[in-house]
Amino acid sequence: MSRFALMITLVACSSLILAGASYARVPDPTVCTVTDGMINTCPVIGDHSAAERAIELVVTLYNENLDPVEAFPAGNFTFDVQPHSAYPSLGGGPTGDCPDCEDHYTVSCIDAATDANGEMRILVDLGDGCAPSMCCPVEVWVIIPQGTIADPGEVYQNTVDPVADGYVGLGDIAYFSAALTNWTVNAILQPCADYVIAAGQTNWGEIGLEDIAMFSAHITHECTPFTDPCP
């Protein structure tokens, strides 16, 4: 083989290798995934656990061959938070009395780039001014240059202080008792009183023993700092 032919062959092979490497790093938004999560927003005083005002979700990028896309930079991600499509009128608060509650969420990348598994951790944050009065399920849509990922992250939010006065007392007990009856007797889902998404549940809104235990443990607790975003 002449030197010229050998050079052409090497250049062609190099181009194929580079093209393959480049292709492997191009995600297909139709097959990428985003995990879901639950935020319970009642900070309590004393020795009890603090509120979960933020939660981590995981975005996993794949190419069209379902290979993980590694080293995809955080700067390529943007986010759009929308009301949950299954609960479009819930609006925040147990009676849906806080319109545009999705505006309280901010989303940011935690990692600099996706890892070897194609995973990017993102933080869904409510900040200090949101809760305890909120019950605001949302969908977090992840946008990359190739398009919007078809699978949104579902984030459910609720509080053990549904009457929104900064204290878990008689009003909250009455609310939870009514929700429990409505679910157990009438089989009507009660999303704002579902504090734990337990194993075996098929819907958000199923109240079980875990929810009763969690609510009972918070009776008489002060939810502080208390900020009502729905005055």
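The values are calculated or read from the model by the stated rules, or taken from the named source; none is laboratory data. On a predicted model such as this, the values are computed, not experimentally measured, just so you know. Neighbour counts are summed over all protein chains in view; Cβ atoms, including those assigned to glycine, are modelled from backbone coordinates with ideal geometry.
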Original post:
Going through the range 116-175 one residue at a time, which ones are among the charged types (D, E, K, R) and more than 16 Å from Y87 (Cβ to Cβ)?
Top reply: E119, R121, D125, D128, D151, D161, D165, D172
Subject >> Failed criterion for Q157 (all others in (1) within 26 Å of R25 (Cα to Cα); (2) buried (at least 24 other Cβ atoms within 10 Å of the Cβ) hold) >> reply: (1)
Original post:
Does Y105 count as of a type in the set (F, W, Y) and touching a Leu at 6+ places or on another chain (Cβ under 8 Å)?
Top reply: yes
Subject >> Where I207 falls short, out of the listed (1) in a loop (DSSP other than H, G, I, E, B); (2) without any contact (Cβ under 8 Å) to a residue 12 or more places away in the chain >> reply: (2)
Original post:
Considering the range 160-180 alone, what residues qualify as being of a type outside the set (A, V, I, L, M) and surrounded by 14 or more Cβ atoms within 10 Å (Cβ to Cβ)?
Top reply: D161, P162, D165, G166, Y167, G169, G171, D172, Y175, F176
**OP:** For residues that are touching a helix residue (DSSP H, G or I) at 6+ places or on another chain (Cβ under 7 Å) and not hydroxyl-bearing (S, T, Y), tally how many sit in the range 72-89.
**Re:** 3
Original post:
Could you list, in sequence order, the residues of the range 97-128 that are hydrophobic (A, V, I, L, M, F, W, C), surrounded by 14 or more Cβ atoms within 10 Å (Cβ to Cβ) and either touching a Ser or Thr at 6+ places or on another chain (Cβ under 6 Å) or under 23 Å from G171 (Cβ atoms) (or both)?
Top reply: C98, C101, M120, L126
**OP:** Could you tell me whether any residue of the range 9-26 is touching a Leu at 6+ places or on another chain (Cβ under 8 Å), at pLDDT 80 or above and at negative phi?
**Re:** no
Original post:
What are the residue pairs meeting all of these: first residue in the range 177-188, first residue over 13 Å from L209 (Cα atoms), second residue modelled with pLDDT under 95 and in a helix (DSSP H, G or I), Cβ atoms under 7 Å, and 6 or more apart or on different chains?
Top reply: A179/A193
Subject >> Residue selected from the range 138-154 under the condition touching an Asp or Glu at 6+ places or on another chain (Cβ under 9 Å) and assigned to a loop (DSSP other than H, G, I, E, B), by the criterion surrounded by the most Cβ atoms within 10 Å (Cβ to Cβ) >> reply: P152
Subject >> Candidates P94, P88, P73, filtered to the one that is closer than 28 Å to A179 by Cβ and exposed (fewer than 13 other Cβ atoms within 10 Å of the Cβ) >> reply: P88
**OP:** Considering only the range 197-231, state which residues are closer than 20 Å to C136 by Cβ, modelled with pLDDT under 90 and touching a helix residue (DSSP H, G or I) at 6+ places or on another chain (Cβ under 8 Å).
**Re:** P229, C230
